[in-house]
1. With charges only on Cβ, +1 for K and R and -1 for D and E, what is the dipole size of region 3-107 about its Cα centre, in debye, rounded to 20?
2. Step through the residues of region 10-15 one at a time and calculate ³J(HN,Hα) from phi using the Karplus curve (6.51 cos²θ - 1.76 cosθ + 1.60, θ = phi - 60°), rounding each to whole Hz and writing x for Gly and Pro.
3. Under a 5 Å amide H to amide H cut-off, with H placed in plane at 1.01 Å, what residues pair with ALA16 once short-range neighbours are removed?
4. Each residue of region 86-100 in order: what ³J(HN,Hα) in whole Hz does its phi give by Karplus 6.51 cos²θ - 1.76 cosθ + 1.60, θ = phi - 60°, with x for Gly and Pro?
5. Enter the Cα centre distance for the pair region 1-66 and region 81-100, rounded to the nearest angstrom.
6. Over region 3-107, what relative contact order in percent results from Cα pairs under 8 Å that are six or more residues apart?
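Read-outs throughout are calculated quantities, based only on the coordinates presented, and are distinct from any laboratory measurement. Everything numeric in this text was worked out from a predicted model, so none of it was measured. Cβ sites come from the backbone with ideal geometry, for glycine too, and all protein chains shown count toward neighbours.
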Amino acid sequence: MKICIPTMGGSGMDEAVCLHFGRAPTFTIVDPDTGNTQVLLNQSQHMGGSGLPTETIFAAGVQVMIVGGLGPKAVSAFAEQGVEVFVGANGTVRDALDAWSDGRLMKATRDNACKDHKH
């Protein structure tokens, strides 16, 4: 299984969670079964590149997203691709994974999406 968390840099499990999905400088992907981690740069149009940040996640084969927050457009895009999304993460990647595995994060919906991100 591949779990992705938007992050502030490349420090793996000790990296800080970026609280805004689309503007995250990096995406840290963790496979809890193998312990492998991978850090991808966010090179989407939100960061001066091209494409959408969701496209980067889909291409990486992610099944679960753990985020601080994200807009309703991203919630819908992930739902259409069958990627489960959980909101409310903070701290480090390790903290976010612990919160998710302990059931302390909420499943993302259009109702709990960031309302000011309707782009």
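1. Magnitude of the dipole: close to 320 debye.
2. Per-residue couplings from phi come out as x, 8, x, 5, 9, 6 Hz.
3. Answer set, sorted by chain and number: MET8, GLY9.
4. 10, 10, x, 6, 7, x, 9, 4, 4, 4, 5, 5, 4, 4, 5
5. Cα centroid to Cα centroid, the span is 11 Å.
6. Averaging sequence separation for qualifying contacts and normalising by length gives 28 percent for region 3-107.
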